[in-house]
Structure formats: C-alpha cells, structure tokens
Amino acid sequence: MKVVIQRVKSSSVRVADEIVGEINQGLLILLGITHDDTKDQCDWLVNKIINMRIFSDSEDKLNLSVKDIAGSILLISQFTLYAEAEKGNRPSFTSAARPEIAKPLYEYFIDKLKANDIPVESGIFGADMQVELINDGPITIILER
C-alpha cells in the first residue's frame, strides 16, 4: 500500500464536472493498493496519517496533526501509484490491485479514517477524476507499507 500525503489549504475532486468531494484545511491523500495489501496495512497507515505532526503550531513548528487542527481529509484512489515505467514508454499497472481487491480496502480505509472523528471526503473509485488542490507549504510525504 502506498500513500501520497499532501498538506492542503483546500482540495476538491470532480467527476463529470460535478464536485463529489471537497475540503478546506487538511490532507489530500492519494491511495495506491497492490495485490497483497491487507486491512492491517490500512490500520497502520490510518494511524500514522491522523497522528503525523505536519501542521504548524503557534511557534511555526511542525507539531500538530490533522486531528489537532480539526482538519479534514480528501481520499482519492490512485492505482497509477503502482505504475512500472522503467522499461518502454508506456507504464504498466500490473502491480496495482484489481478492483475486486482494491475497492473493499479503499472503502475500509475511508471507514477507518471516519472512525477517528475526522471529516472525510472521497473521490469515486475507478472514475476519471479531476483533483484540485492548494498545497500548503508545500508539504508532500510518501509512505509505503
């Protein structure tokens, strides 16, 4: 499982020119799922994400988490995080999990975030989405578990 975490001032996702998810200050998370990923990996990543201190305190030190600032999370499924592009010019996505594996884990990930009393918005699994964001910092962190 791979996540790209971006601290944002705001972010939104559109499908067919309609906003389906939108947040103000918080985190935009791109989630990639591979074949052998599990709920345990989701649990670890959710715990890490919601407690990661990447927001500034009153002294401008990165000491606050998304929970501490009462921020929100926008979660987007992104199978292209598992692109293999070393050979040739067209990426291969064979390392990305098939929808029957990835979608239940994506939905589980959303449920685990929400269980921590954090407002969560999301894209639509498998849809062609347009994501907008105002990256804050910029701060972007990649985790793989």
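The values are calculated or read from the model by the stated rules, or taken from the named source; none is laboratory data. Predicted, not measured: the structure shown is a model, and the values here were computed from it. Because the Cβ atoms are built from the backbone with ideal geometry, glycine has one as well, and the counts that use them run over all protein chains shown.
Listed values, structure above:
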{"quantity": "Among residues of segment 48-69, those that are in a loop (DSSP other than H, G, I, E, B), touching a strand residue (DSSP E or B) at 6+ places or on another chain (Cβ under 8 Å) and more than 15 Å from Lys112 (Cα to Cα), counted", "calculated": "7"}
{"quantity": "Scope segment 62-114; condition in contact with a Phe, Trp or Tyr (Cβ under 9 Å, 6 or more places away or on another chain) and of a type in the set (Asp, Glu); matching residues", "calculated": "Asp68, Glu84, Glu107"}
{"quantity": "Filter result (among the β-branched types (Val, Ile, Thr), part of a loop (DSSP other than H, G, I, E, B) and under 15 Å from the mean Cα position of the chain (by Cα)) within segment 23-46", "calculated": "Ile33"}
{"quantity": "Filtered residues of segment 58-79 (kept if of a type in the set (Ser, Thr, Tyr) and under 13 Å from the mean Cα position of the chain (by Cα))", "calculated": "Ser72, Ser77"}
{"quantity": "Tally, over segment 1-20, of residues that are more than 14 Å from Leu143 (Cβ to Cβ), surrounded by fewer than 22 Cβ atoms within 10 Å (Cβ to Cβ) and of a type outside the set (A, V, I, L, M)", "calculated": "6"}
{"quantity": "Candidate set: segment 103-119, residues that are of a type in the set (A, V, I, L, M) and out of contact with any Asp or Glu (no Cβ under 8 Å at 6 or more places or on another chain); chosen: the one farthest from Thr34 (Cα to Cα)", "calculated": "Ile118"}
{"quantity": "Unmet requirement for Arg90, which otherwise passes all of (1) over 19 Å from Asn135 (Cβ atoms); (2) assigned to a helix (DSSP H, G or I)", "calculated": "(2)"}
{"quantity": "Of all residues in segment 32-64 being farther than 21 Å from Ile110 by Cα and acidic (Asp, Glu), the one that is surrounded by the most Cβ atoms within 10 Å (Cβ to Cβ)", "calculated": "Asp57"}
{"quantity": "Candidates Glu59, Glu22, Glu100 - the one that is under 22 Å from Asp128 (Cα atoms) and without any contact (Cβ under 8 Å) to a residue 60 or more places away in the chain", "calculated": "Glu100"}
{"quantity": "Residue match in segment 111-123 (condition: of a type in the set (A, V, I, L, M, F, W, C), part of a helix (DSSP H, G or I) and within 16 Å of Cys42 (Cβ to Cβ))", "calculated": "yes"}
{"quantity": "So Ile73, is it in a helix (DSSP H, G or I), under 24 Å from Glu132 (Cα atoms) and either at pLDDT 95 or above or in contact with a helix residue (DSSP H, G or I) (Cβ under 6 Å, 6 or more places away or on another chain) (or both)", "calculated": "no"}
{"quantity": "Residue match in segment 127-137 (condition: of a type outside the set (S, T, N, Q), out of contact with any Cys (no Cβ under 6 Å at 6 or more places or on another chain) and under 23 Å from Gln41 (Cα atoms))", "calculated": "no"}
{"quantity": "Subset of segment 4-22 [among the hydrophobic types (A, V, I, L, M, F, W, C) and assigned to a strand (DSSP E or B)]", "calculated": "Val4, Ile5, Val8, Val13, Val15, Ile19, Val20"}
